[in-house]
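Beneath this line is the structure, given in structure tokens, with notes to follow.
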Amino acid sequence: MIYDMKPEHIIGEYQEVTLDLYGGIRRLILYTQIETPYPDGKLIVSTTDTSGVITHLNKSFVEMSGYTEEELLNAPHSILRHPDMPPVAFKDLWDTVSRGEKWQGYVKNLRKDGGYYWVKATVIPNVRNGKVVGYTSVRRKPSRTKVEECSKLYPTLF
Amino acid sequence: MPYILTVSPDFSPDHISGWYIFNTWLQKQIGEAIHLELYNSFQAQHEAIHLDKIDLIYANPFDAAMLVREKGFLPLVKAQGMSDEAIIAVNEASAIRDVTELSPGSRVAVTEDPDVRLMGMIMLEPADLTVDNVQIKVCDSYVLVAKQLLRGDADVGIFLAEAYDDLSNIIKKQLKILVQSQIGVIQHALLVGPRLAHRRDELRDTLLAMNVDEKGRDVLKNLSFDVWASIEDEDMEFMIDLMDTLNT
């Protein structure tokens, strides 16, 4: 499940926006300008089913997102969707993996506390007996150069 | 003709005798002749794999993906509680204090160990370093990677964490760790090949019960872990998917 964000969870001054997420979900987003740096040497790993619902995750995912494991399991991956990310980026992701191909890109993710963190994300379809049964996503520390490029590019893609 | 057991060439030299003892133990347990063939290089081992000479292999995760997908190998067990991690280090006297201070053109000392090199290059990405814009210096061992750093012939070295820990204190004092991976889910796996696959269940049961008797525990001690853990087919598929995502 995915819920509207709550002011009591937010750290710092925040802005509000309502986002239309994949699957007809509308979510109230409260977001700040506070960045959590991606830690050195760690990978965030998760798997989803074919509709993007989280089925497996590792400890780094919990640490960086600010959610508990219970809150993340069975939630749509769009729980991380930040309003600064252009919808066209996620359309490209879904179009690519639906074709059975690997997708890679730089993503600004939303934390439970309203802050954000940048990742270099790779998503691949999990093919079992010739059929896509889900997706694996691995996020790693991005280069600052790429983050700066994307920070300038993404606002132009809305 | 005996079956052939081999071990990924990145194993610690301290464990050579351990693998011979393990092989003797395994032959007695399953009543089959098995020859332990240790290759000096990844290239030599890969040639043996491509010629279908191998029946049992303690494979690094990078090769495990190829063995399962292309050669029909099946997973058996992994060392419980162990994972492959990489370390990025520089000479202690280096002005570099953080990976992001490295620049394109840096000389990077590595071994042929494919998964460690992969993890290491991922940790260099935050500095915009890729295999295309650094100078890769391939060494035959992690001791030689360290020597490249000590002599100033390389700016940065990528180590298997276990191998770094095994370096002498004198060497380690002259090096500085910039970053150590904390991935936790990448590890070696013992796989069985097609010729011996009909005994997979028996092999797995035998290995999982290895820590039950004293002799088995002693054999494991020589390999520096306590017990094997089973790898289900889906666990293996997950690991392969993970390696696929990283290998870009």
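The values are calculated or read from the model by the stated rules, or taken from the named source; none is laboratory data. These numbers come from a predicted model, not from an experiment. Backbone-built Cβ (ideal geometry, glycine too); neighbour counts: all protein chains shown.
Brief remarks follow.
- Of everything in region A:124-135 that is in a strand (DSSP E or B) and more than 10 Å from chain B (Cβ to nearest Cβ), the residue that is farthest from the chain's Cα centre (by Cα) is A:K131.
- In summary, A:W94 fulfils each of the numbered conditions (1) at pLDDT below 95; (2) farther than 24 Å from A:V62 by Cα; (3) out of contact with any Gly (no Cβ under 7 Å at 6 or more places or on another chain) with the single exception of condition (2).
- Filter result (in contact with a helix residue (DSSP H, G or I) (Cβ under 7 Å, 6 or more places away or on another chain) and assigned to a strand (DSSP E or B)) within region B:130-152: B:K137
- Selection of region A:76-105 for residues being part of a strand (DSSP E or B) and under 24 Å from A:E35 (Cα atoms) yields A:P76, A:R81, A:Q104, A:G105.
- Scanning region B:127-161 for residues that are modelled with pLDDT under 95 and in contact with a Phe, Trp or Tyr (Cβ under 9 Å, 6 or more places away or on another chain) turns up B:Y142, B:L160.
- Set B:A154, B:A86, B:A109: member being crowded, with 18+ Cβ neighbours inside 10 Å, within 14 Å of chain A (Cβ to nearest Cβ) and on the phi < 0 side of the Ramachandran plot: B:A86
- Within region B:20-55, being assigned to a helix (DSSP H, G or I) and either among the β-branched types (V, I, T) or under 21 Å from B:P114 (Cα atoms) (or both) holds for B:I21, B:T24, B:I30, B:F42, B:Q43, B:A44, B:Q45, B:H46, B:E47, B:A48, B:I49, B:H50.
- If you filter region A:136-158 down to residues that are at the interface with chain B (Cβ under 9 Å from one of its Cβ atoms) and crowded, with 18+ Cβ neighbours inside 10 Å, you find that the one that is farthest from the chain's Cα centre (by Cα) is A:S143.
- Within region B:83-98, residues that are assigned to a loop (DSSP other than H, G, I, E, B) have Cβ atoms under 6 Å from residues that are of a type in the set (S, T, N, Q) in these pairs: B:S83/B:Q187; B:D84/B:Q187; B:E85/B:S181; B:E92/B:Q174, counting only partners at least 6 apart in sequence or on another chain.
- The residue of region B:157-185 that is nearest to the other protein chains (Cβ to nearest Cβ), among those that are without any contact (Cβ under 8 Å) to a residue 40 or more places away in the chain and hydrophobic (A, V, I, L, M, F, W, C), is B:L167.
- Enumeration of residues in region A:7-38 that are at pLDDT below 95 and part of a loop (DSSP other than H, G, I, E, B): A:Y22, A:G23, A:G24
- Test: residue in region B:88-108 that is under 21 Å from B:I186 (Cα atoms) and out of contact with any strand residue (DSSP E or B) (no Cβ under 6 Å at 6 or more places or on another chain): no
- The set of residues in region B:78-93 that are closer than 16 Å to B:S12 by Cα and of a type in the set (S, T, N, Q) contains only B:S83.
- Residues of region B:186-224 classified as within 14 Å of another protein chain (Cβ to nearest Cβ) and surrounded by fewer than 14 Cβ atoms within 10 Å (Cβ to Cβ), total: 0
- Taking each residue of region B:225-248 that is at the interface with chain A (Cβ under 7 Å from one of its Cβ atoms) and looking for partners that are part of a helix (DSSP H, G or I) with beta-carbon atoms closer than 7 Å, six or more apart or interchain, yields B:L246/B:L118; B:L246/B:I122.
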